[in-house]
Amino acid sequence: MTVKALCPILLNSLSNIVICEMKTVEIYTRWWCGYCRMARSLLDKQGIVFEEIDVTFDREKEAEMINRSGRRTVPQIFIQDEAIGGYTELAQLSVTTNLRDLIASGGEHHS
């Protein structure tokens, strides 16, 4: 799913607003997971909207997560349909890349 959002850009006039396609961010979590809380917090602090999929008691969604990521651990984070990894990979990516730009761009991240 692609979300249309307002892209901030520097222009001479504040009345110029560009609508662009943003990549959807999905995060698979468990309610008790500290790394999941840290990943949500990192995304929230950067103003990144995401869909949270709680797999604590949902075996179908857990199987979907494992199938998509090849991993059983949480969190598992996806930008569009690309697996980013867990909290550690997200935190590393946030140091080397502007996550908002990555999500708003049409480009892909390659680990």
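Just so it is clear, none of the values below were taken in a lab; they were calculated from the coordinates. Because the structure is predicted, anything quoted here is derived from the model rather than measured. Reconstructed Cβ throughout: ideal geometry from the backbone, glycine too, with neighbour counts over all protein chains shown.
Structure notes:
- Segment 26-51, residues that are in contact with a helix residue (DSSP H, G or I) (Cβ under 7 Å, 6 or more places away or on another chain), under 10 Å from Ile77 (Cα atoms) and either among the basic types (Lys, Arg) or not in a helix (DSSP H, G or I) (or both): Ile27, Tyr28, Thr29, Phe50
- Hits in segment 50-82 - residues which are under 16 Å from Thr29 (Cβ atoms) and out of contact with any strand residue (DSSP E or B) (no Cβ under 7 Å at 6 or more places or on another chain): Thr56, Phe57, Asp58, Arg59, Glu60, Glu62, Ala63, Glu64, Ile66, Arg71, Arg72, Thr73
- Of all the listed residues (Arg30, Arg68), the sole one being of a type in the set (D, E, K, R), surrounded by 13 or more Cβ atoms within 10 Å (Cβ to Cβ) and touching a residue at least 40 places away in the same chain (Cβ under 8 Å) is Arg30.
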